[in-house]
Amino acid sequence: MRIGILGLGRIGAFHAATLSALPAVTSLVVADPVADAAGAAAERFGAEIAHSPGELLAAGVDAVVIAAATDAHPELVLAAVEAGVPVFCEKPVAPTMREGVRVLKAVRDSGVPVQIGHHRRFDAAFAAARAAVRGGELGTLHTVRATTLDPAPPPAAYIAASGGIFRDCSVHDFDSIRWVTGREVREVYAVGGNRGAACIRAAGDADTTGAVLTLDDGTIALVSNGRHNGRGYDVRLELHGFADSLAVGLEDRLPLRSAEPGTAFPAGRPHVFFLDRFAAAYRAELTAFTEVAAGSRPSPCTVEEALEAGWIAEACTLSLREHRPVTIEEVRHA
Ligand SMILES: NC(=O)c1ccc[n+]([C@@H]2O[C@H](COP(=O)([O-])OP(=O)(O)OC[C@H]3O[C@@H](n4cnc5c(N)ncnc54)[C@H](O)[C@@H]3O)[C@@H](O)[C@H]2O)c1
């Protein structure tokens with residue numbers, strides 16, 4: 001399979017490495033407006049270089065992986081489905097829901113398969129948590145706590161194109177909460193702080209957020225996100241039920257120190273960032289995409305599914321701005 005990659009920044013270069021090692025992938029074509037980014041991938045993986053998205057889509061690719069900056073997602077997804085090329089696009093679908101809905105309509109009309117990059121669906125612990133919750137092992141779920149804390153903020157240009165912390169970062173937690181519990185979010189209340197990188201404040205974004213989500217069965221989910229976590233990359237999902245409790249991320253490399261005297265756990269080297277924490281999940285996710293592109297399985301994360309997490313991010317963005325609870329219905333019909 002010949003795969004095109006649009007965008008060779010942090011995650012695009014990592015996806016290029018992962019794809020080049022998959023048995024189903026025979027060749028890569030890459031494009032990025034930053035010539036050095038495309039050149040480095042070409043040299044490292046023997047990829048061909050295309051000088052524009054149009055040139056890449058015309059280069060006989062069987063599928064395309066979009067890992068460009070978020071604000072470029074809509075135009076690139078639309079160009080690919082118009083060309084009839086199956087798409088993997090990194091989350092989020094678009095920087096705004098208006099554009100996300102436009103992408104959804106075009107994708108539906110095209111009938112071309114599209115997979116959105118919610119890689120936690122391919123992580124062994126998240127999958128085990130889903131099976132436990134759905135299998136009734138925890139009994140009635142009462143509380144979910146989701147955490148994603150980045151060790152350091154991305155560059156200013158990334159922040160400016162990201163759509164804000166809820167759409168960029170918390171959206172992983174929102175998708176995981178829906179995917180693991182099988183429930184929808186009804187209402188949110190979000191708060192945010194800004195005591196870190198000046199570029200985040202300048203972009204009108206927050207560097208630390210908390211959100212209370214009420215799910216449609218009454219379960220309460222508490223979502224914590226931040227851009228400045230000194231000890232490392234901290235991703236957890238804690239699930240508490242009437243019968244039992246379970247945690248994703250409670251392992252040796254959890255970047256947390258115990259204050260309990262005599263307790264050595266967690267003893268491992270803390271996770272540095274998403275690339276080391278989720279390497280296996282990214283591999284499984286892109287393997288699934290080669291199967292989607294080959295027509296042997298449906299998309300495991302459709303645009304529709306990804307937009308559901310997007311509405312939660314939209315509601316949190318509004319809640320933080322207006323300092324009030326916001327229902328999903330309100331933003332969906334705004
Ligand atoms: N699933 C995940 O864990 C995960 C992790 C990181 C980033 N992401 C997502 O991946 C995307 C990229 O993030 P990143 O951290 O690699 O950002 P980055 O800023 O490091 O890289 C983005 C790259 O896209 C290129 N680009 C911009 N417009 C383009 C276009 N029209 N065509 C081709 N290339 C274009 C830029 O030149 C840059 O090299 C974002 O949407 C982000 O939300 C997902």
If you add up the charges near S27, with Lys and Arg at +1 and Asp and Glu at -1, over every other residue whose beta carbon is less than 13 angstrom from its beta carbon, what do you get?
-1
Taking the Cα atoms only, what angle lies between the long axis of helix 124-134 and the longest principal axis of the chain, rounded to 10 degrees?
60 degrees
Choice from I200, I312, I116 with maximal GNM fluctuation in the chain (Cα, 10 Å cutoff)
I200
How far is helix 303-322 tilted, in degrees, relative to the longest principal axis of the Cα atoms in the chain, given as a value from 0 to 90 rounded to the nearest 10?
50 degrees
Unit Cα scatterers, Debye sum, the chain: log10 I(q)/I(0) for q = 0.11, 0.13 Å⁻¹
-0.71, -1.00
If one computes the Cα centroid of segment 268-288 and of segment 26-55, what distance in Å separates the two points?
23 Å
Enter the angle in degrees (range 0 to 90, nearest 10) between the Cα long axis of helix 279-293 and the first principal axis of the Cα atoms of the chain, meaning the one along which they spread out most.
50 degrees
For an R0 of 30 angstrom, estimate the FRET efficiency from the Cβ-Cβ distance between A132 and R98 and round to the nearest 0.05.
0.20
Quick one: length gained pulling E43 to H228 fully straight, 0.36 nm per residue minus the C-alpha distance?
63.2 nm
Between segment 223-261 and segment 64-116, the alpha-carbon center distance in angstrom:
33 Å
Rg to Rh ratio, segment 2-112, alpha-carbon atoms and Kirkwood radius?
0.96
For the chain, modelled as a Gaussian network with Cα springs under 10 Å, which listed residue fluctuates most, G262, G111, G226?
G262
FRET efficiency for A17 and S296, using Cβ-Cβ distance with R0 set to 35 Å, rounded to 0.05
0.90
When Lys and Arg each count +1 and Asp and Glu each count -1, what net charge do the other residues less than 9 Å away from C169, Cβ to Cβ, add up to?
-1
Principal axis dimensions, segment 175-221 - Cα atoms, whole angstrom, descending
39, 17, 13
Nonlocal amide H pairs with I5, under 5 Å, H built at 1.01 Å
V29, V30, A31, V65
How many angstrom separate the Cα center of segment 293-334 from the Cα center of segment 143-212?
13 Å
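Every number here is computed from the coordinates shown, using simple stated rules; none is lab data. Everything numeric here is computed off the predicted structure, so don't read it as measured data. Backbone-built Cβ (ideal geometry, glycine too); neighbour counts: all protein chains shown.
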